[in-house]
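First the structure, in the form of structure tokens, and then the observations on it.
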Amino acid sequence: MKVTVVGAGNVGATCANVLAIREIASEVVLLDIKEGVSEGKAMDMMQTSPLLGFDTCVVGSTNDYAKTAGSAVVVITSGLPRKPGMTREELIGTNAGIVKTVAENILKHSPNAILIIVSNPMDTMTYLTLKATGLPKNRVIGMGGALDSSRFKYYLSQALGRPLTDVQGTVIGGHGDTTMIPLTRLATYNGVPVSQILDAAALEKVAADTMVGGATLTKLLGTSAWYAPGAAAAMLVESIVRDEKKVFPCCVSLEGEYGQKDICIGVPVVVGKNGCEEIIDYKLNAEEKDLFEKSAAAVRKMNQVLADMKVI
Ligand code: NAD
């Protein structure tokens, strides 16, 4: 099975590397507009194969979409990343044109592909892709909640002083510093609600740290993070390719679920061979519903920029 990753920058290359090492696909195509970069990174990854013992073939492509033909899943990471002090939303002008063109080019060669959108502002880029391509909603999935939930689990494990893999937690809503909603009420440590272990102030700090988790890394790194974003995108690909039906919070089109329609925003989703196979209805309390509505309003405002720019 072939998987393409568009954008051979930090996130795209990391995603391709995880896909290769875990042998999630037999062939991974890495495409970028920068002459030679994707070929170089693909070759470098292939030279780790004898060391790490994987058989995935990684192929680089400088903007040649013919090489991507027949991809089952395509991860779109092309576009500008954040610089320190920038919000994800400030990237909309440049990234909208890039994501739309890339999605159209991809579908010419892989008409049946499931698209995973990573480029920011991700909720709006996912909405744009859905509208611009006319694809059925199950085939357009934005990656944000899988990453934000992983960051949430990281901060929870730090506060608890317990292993990350023993912590469960979900972040829904928009993928923005002020729009994401870490569901602290539903977070557990091996099935025990974390609210029974951490006090309200500690939980509030975990949620606040999670929400600015991306900005914290951008400040440290000088650009946005890539290891966890790349891994999160690869895990969505894995769930599709292996039809695992794992639940990840993903940005998908809502048609009444969570009280919203005509929007793409993060909700818990069963991810399988058909892409978004089911939206899970977490029973939110009044406070969480209110946060979700506010988050949706902010995402909608951002989507309006697309119409104002006449991109859709
Ligand atoms: P990067 O600058 O390292 O890589 C982006 C790559 O896209 C570059 O190599 C560039 O040449 C390429 N590119 C630009 N236009 C292209 C086109 N038309 N076709 C093909 N390739 C093209 O950036 P990065 O750190 O990898 O981040 C990529 C995007 O992902 C950014 O928009 C960033 O904000 C976003 N991001 C999203 C999440 C998330 O959770 N959704 C997390 C991290 C980063």
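The values are calculated or read from the model by the stated rules, or taken from the named source; none is laboratory data. Nothing here was measured: the structure is a model prediction, and the numbers come from that model. Cβ: placed from backbone, ideal geometry, glycine included. Neighbour counts: every protein chain shown. For accessibility, only protein heavy atoms count, side chains too; no ligands or nucleic acids. Shrake-Rupley method; radii C 1.70, N 1.55, O 1.52, S 1.80 Å.
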Tell me which aspartates and glutamates have Cα within less than 12 Å of Lys41's Cα, excluding those fewer than 8 residues away on the same chain? Asp32
For a label point 7 Å from the Cα of Thr101 along Cα→C-beta, name the residues of region 30-44 whose backbone N is under 12 Å from it. 33-34
Spatially proximal lysines relative to Lys131 (Cα-Cα < 20 Å; intrachain offsets below 8 disregarded): Lys100, Lys108, Lys261, Lys301, Lys310
Would you mind classifying region 223-312 by shape? Square roots of the alpha carbon gyration tensor eigenvalues, ordered a ≥ b ≥ c; an a/c under 1.5 is rounded, otherwise it is prolate if a/b is larger than b/c and oblate if not. oblate
Determine ³J(HN,Hα), in whole Hz, for all residues of region 190-204 in sequence, where each value follows from phi through the Karplus function 6.51 cos²θ - 1.76 cosθ + 1.60 and θ = phi - 60°; x replaces Gly and Pro. 6, x, 8, x, 5, 5, 7, 10, 9, 7, 4, 5, 5, 5, 4
Report the per residue volume, in Å³, of the convex hull enclosing the C-alpha atoms of the chain. 126 Å³
Set the Förster distance to 25 Å, then compute FRET efficiency between Asp243 and Lys137 from the Cβ-Cβ distance, nearest 0.05. 0.85
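Where does the chain land at 222 nm, in deg cm²/dmol rounded to the nearest 500, when only DSSP H runs of n ≥ 4 count, each adding -39500 (n - 2.57), divided by all residues?
Estimated from H runs of four or more residues: -13500 deg cm²/dmol.
Per residue, how much accessible area does region 145-308 have with a 1.4 Å probe, in Å²?
Accessible area per residue, region 145-308: 46 Å².
Sort Lys246, Lys301 from largest to smallest accessible area, using a 1.4 Å probe on the heavy atoms of the protein chains.
Lys301, Lys246
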With a 1.4 angstrom probe the carbon and sulfur portion of accessible area for the chain, in percent, totals 55 percent
Cα lying deepest toward the dipole's positive end in region 2-143, options Val102, Val18, Thr124, charges on Cβ: Thr124
Label points 7 Å out from Cα along the Cβ direction at Gln196 and Tyr282: separation in nm? 1.9 nm
Sites Asp64 and Asn112, calculated FRET efficiency, Cβ-Cβ separation with R0 25 Å, nearest 0.05: 0.80
